[in-house]
Amino acid sequence: MLSEQIQAQINRELKKYPADQKQSAVMAALRFVQDEKGWISNGDMADVADYLGMPKIAVYEVATFYHMYNLKPMGKHTITVCTNLSCTLCGALDTVAYIESKLGIKLGEVTADGKFGLREGECMGACKDAPLLTLNNKKICSRMTQEKIDQILAELDKS
């Protein structure tokens, strides 16, 4: 069941679309769920589908297509490294390997203390600044070096 807060947020979003196009709010609805819960379960997807009057599979397709949705708990701080071609050619795999070694986890895993999760992402639209990563799907960090990664991890570790 979607919380009253999520329902209110979805209702505000629905005002942007014609009444017969409620499914247009699906991406925002998924974001609201994730913002509140930290991730999106199959049950949450079903609740969003029911609320928007759309097939459950359609919501699942959206949630699994975009890398910004966490379909399992991914820790307090989710680090998503772009591994698309441009970033890979500019060192993204080295970035992933360094973060894995620093955190002691692999892609798709969460640290034992639940503080960090590491994900692989598709193009983030800033190829000229490769390699890059996002923090909690909100902040883009570009031209990653080991020094920058160390600084980012230290700052996140304090919060």
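Any residue at all in the stretch 105-114 that's loosely packed, with under 12 Cβ neighbours inside 10 Å, among the basic types (Lys, Arg) and either at pLDDT below 95 or under 18 Å from the mean Cα position of the chain (by Cα) (or both)?
Taking every residue of the stretch 105-114 in turn, at least one turns out to be loosely packed, with under 12 Cβ neighbours inside 10 Å, among the basic types (Lys, Arg) and either at pLDDT below 95 or under 18 Å from the mean Cα position of the chain (by Cα) (or both).
Does Asp35 count as of a type outside the set (Ser, Thr, Tyr), surrounded by fewer than 17 Cβ atoms within 10 Å (Cβ to Cβ), under 30 Å from Leu156 (Cα atoms) and touching a residue at least 12 places away in the same chain (Cβ under 8 Å)?
Here the answer is no, as Asp35 does not meet what is asked.
Can you name every residue in the stretch 61-97 that is buried (at least 17 other Cβ atoms within 10 Å of the Cβ), in contact with a helix residue (DSSP H, G or I) (Cβ under 9 Å, 6 or more places away or on another chain) and assigned to a helix (DSSP H, G or I)?
Matches in the stretch 61-97: Val62, Ala63, Ser86, Cys87, Ala92, Thr95.
For the stretch 120-149, give me each residue that is among the β-branched types (Val, Ile, Thr) and under 16 Å from Lys102 (Cα atoms).
The answer is Thr145, Ile149.
Any idea which of Ile99, Ile57 is among the β-branched types (Val, Ile, Thr), assigned by TED's automatic domain parsing to the domain that holds Lys148 and at pLDDT 95 or above?
Ile99
The values are calculated or read from the model by the stated rules, or taken from the named source; none is laboratory data. Note that the structure is a prediction, hence the values are computed from the model and not measured. Virtual Cβ from ideal backbone geometry, glycine too; neighbours counted across all protein chains shown.
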